Amino acid sequence: MPQHKTYTVDEAKRTLENYCAYQERCHKEVVDKLQQMHMIPQAIDVIVSHLIENNYLNETRFAEAFVRGKFRLKKWGKHRLKRELKQRDISTYNITKALAQISGVEYYETFHVLASKRLNTIKETNTWKKRKKLADYLLYRGWESHLVYEKVNELIP
């Protein structure tokens with residue numbers, strides 16, 4: 001049986017401080033990392049509370065950074081952002097707070113640009129198939145269905 005590296009609580013604290021300093025992390029990622037390091041549950045609790053107290057781990061900050069990044073870079077809609085944050089066990093309060101930082105104007109502008117760009121890449125000649133491809137793409141990205149269908153009807157009459 002292969003021997004895995006063992007960590008003292010202090011070594012694990014330092015390792016996780018670096019892990020959290022490099023990039024915003026959620027509690028779930030940190031706990032998973034500690035479990036991969038074969039830490040016992042009591043040690044995990046001690047380390048997580050240490051990281052929170054020393055501001056390495058902050059769920060609100062993580063949620064806000066996550067929403068900013070995925071919205072600006074991947075052009076995800078609010079449904080997808082909310083779903084991804086829920087999978088990471090982020091509280092409803094933090095999800096709502098993070099989504100609130102996206103301005104309505106920026107949200108609709110991004111949606112319009114994304115839909116227009118995607119439409120230009122669809123080579124389908126059949127109008128119905130073209131509409132379906134555009135709608136499926138936008139829905140997969142997490143945009144609200146009423147927005148998607150309005151935009152599809154607007155762009156492909």
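Annotations
- Once C-alpha pairs closer than 8 Å and six or more residues apart are averaged by separation and normalised to the residue number of the chain, the relative contact order reads 21 percent.
- Sequence-separation-based contact order of the range 59-99, relative, with Cα cut under 8 Å and 6+ spacing, percent: 59
- Phi-derived couplings, Karplus 6.51 cos²θ - 1.76 cosθ + 1.60 at θ = phi - 60°, listed residue by residue for the range 114-123: 4, 5, 5, 4, 5, 4, 5, 8, 7, 8 Hz, with x used for Gly and Pro.
- Checking (i) -0.44, -0.93, -1.07; (ii) -0.26, -1.01, -1.30; (iii) -0.32, -1.00, -1.16 against the coordinates, the calculated log10 I(q)/I(0) by the Debye sum over Cα atoms at q = 0.09, 0.17, 0.19 Å⁻¹ falls under label (i).
- Tilt relative to the chain, helix 9-22 - C-alpha long axis, 0 to 90 degrees, to 10: 20
- Charge dipole magnitude, Cβ of K and R +1, D and E -1 - the chain, Cα centre, debye nearest 20: 1000
- Inter-centroid distance (Cα atoms) of the range 75-112 relative to the range 8-45, Å: 27
- Tensor-based shape of the range 9-53 (alpha-carbon gyration tensor, a/c under 1.5 rounded, otherwise prolate or oblate): rounded
- Helix 27-36 vs. the chain, principal-axis angle (Cα, 0 to 90°, nearest 10): 50
- Dipole of the chain, positive end: most advanced residue of LEU155, TYR137, HIS38 [Cβ charges, Cα centre]: LEU155
- The range 59-99 - Rg and Dmax from Cα coordinates, angstrom: 8.8, 24
Here, each number is a calculation from the coordinates, and none is a lab measurement. Since we're looking at a predicted model, the values are computed, not measured. Neighbour counts run over all protein chains shown; Cβ positions are idealised from the backbone, glycine included.
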